[in-house]
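Values quoted throughout were computed directly from the atomic coordinates according to the rules given, and no laboratory measurement underlies them. What you see is a predicted model, and the numbers here were worked out from it, not measured in a lab. No Cβ is skipped: glycine too gets one built from the backbone with ideal geometry, and neighbour counts run over all protein chains shown.
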Amino acid sequence: MPRGLGDIPDLRLSVLQKFVTTFQAPPELVLMNLFPATTSPSSTIEWESQRGGRGMTPFVPPGAPAPQTSPFGVAKHSAEAAYWKEKMYFDEEFLNNLRKEGTEASYLSAQQRLARELAGLVNRSHRRKEWMFAKMLFVGSFDYSQRTGVKISVDYDLASDHLVTLGADYKWSDGTKRDIIGDIIDGKKQITDDCGGKVQLAMCNSTVLKYIARDPDLLTLLQKSAFGTGDLFTGQKNSIVGVNPKVLGNLLDIENLLIYDEKYEVRSLITAAVTGASTVAISVEDPSDFAVGETLRFHDVSAGTWEDETISSIDIEAGTVTVSTAPTASFKAAEDYVSQTSNFIPSTKFCMLAPTVDNQKVAEYKQAPFALDRHYGMKTDRHEEWDPEGIYIRVQDKGIPILYQRDSVYVLTVA
C-alpha cells in the first residue's frame, strides 16, 4: 500500500464514523430504545434509586417553616461503566479492490463488503448493549469484565416481592393450580401500590405467550360472545405463534404487550482437545457469557458437523464450561469452537414495567467517556499494519444502564 490509507475514501475516519451513525440499531432490538441516553463526566457511574412515590405536601400554619422532605427508600449505587470493543482485519487484496481503478464492478463489490462487515460489527456492539438492558429488566443484575480483567457485578437491588418465582403447582407451563390472570393482576397492583406507576408495558417471548394463549380461563374470556370479535388468533407480524398480543393486552389492560424473540450468539474457541465420550469440562477462550442450563453447541470446523449438550456449570477462573454429558465426537483445540444461542428475554420470564413514575422515566442509559478524545457513544477507528499489509477496523463503546425507580419493574418466573 505505497500510497497509504489516506487516498482510500471509504477508509477515511470521517466516512467510517458516518457508517456507524448511519446504521440504526436493528429494528428487532427494542430494549435499548425504551429509555433515553445521557452522558456521565467519568467512567465511574453514580446514581440514586428509590422505592415508593406519590408523596403529598402537608398542611402547615401560615408563617411556619416548611417541613423538610426527601425521597423515600433512597439507595446509592456506583459502578464502573462497562467497556466493550471488537476489531476486524482487512487484507491487502481487499484494500486493493477498494482502490481499484477502471473496474467499477470490482470496486462496488469490495465497497459493499466493507459496508456489510462494518454493519455486522456495529450490530454486535448494539447486541451487547441490548444484553445489559435485558439483564437489568429480567434478572436485576449482571456481571462484566473491567479493563484490568476483574469481574464487576452490578446489582439494581430489586425487591424480593418484585422478583417472584411461581411454585410448581402454579407454573404457567403445566401447573395444576395456575392462575395467569390473577398473577398478572397481582403484579400490576404491586407496582401501583409501591410507586404509583401504571404498567404500560409487559414483555415475554413466544414460549410464554403460548402458555398465556392456551390458558382455559383466558380462552373462555376471549370467545367471540365474551370479548370483542374473537380475534385472539388473528395473524400478527410481532408474534411467531399467530396470537394477537394486542387482544391479550386489551384484556389485561396493558397498553403494550411486547412479544420479543430476538436472540444473541456467544462463540468461543476450544483451547484444549475434547475427547469424545470423555471430556465434560470444556476449556474455552472466554466462558463469561455462557449460562448454566443453556445448550452448548460443539462445532467441528473441518467436518462441518455439530452436536449439542446442556451446560451444567461454568468456572470463569479456570476458563471452562462443563456439560452434563460429554459430546460423542472429539474436537480439536485452536480449530473447533463452541457456541450458545440464547433469547434476550428468557423463556421462563414475564416482565411488567411502569416506564414512568410521576412523569419521569424510571431508567436511562449512561454513556461514559473513553479514548484520548473523551468520546461518548459508539466509535469506530482504524489501525494500519505494515507487514503483512492490511488494516484493522475497530468498533467500541462504553456505558451502563441505570434504574432510578426500583419498584417499577415486576418479574414473574412462570416456568
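Taking only the stretch 136-164 into account, find how many residues are loosely packed, with under 13 Cβ neighbours inside 10 Å and over 20 Å from S78 (Cα atoms). The total comes to 2. Summed over the stretch 370-402, residues that are of a type in the set (A, V, I, L, M) and over 23 Å from E93 (Cβ atoms) total 5. Among the residues of the stretch 128-140, those identified as more than 12 Å from N33 (Cα to Cα), in a helix (DSSP H, G or I) and touching a Leu at 6+ places or on another chain (Cβ under 8 Å) are M136, L137. For the stretch 298-318, a residue qualifies if it is within 16 Å of D336 (Cα to Cα), surrounded by 17 or more Cβ atoms within 10 Å (Cβ to Cβ) and touching a residue at least 24 places away in the same chain (Cβ under 8 Å), and the qualifying residues are F298, H299, D300. Of the conditions (1) in contact (Cβ under 8 Å) with a residue 60 or more places away in the chain; (2) touching a helix residue (DSSP H, G or I) at 6+ places or on another chain (Cβ under 7 Å), L257 satisfies every one except a single condition; which number is it? For L257, the failing item is (1). Filtered by the rule that a residue be touching a residue at least 24 places away in the same chain (Cβ under 8 Å) and basic (K, R), the stretch 179-219 gives K188, K198, K210.
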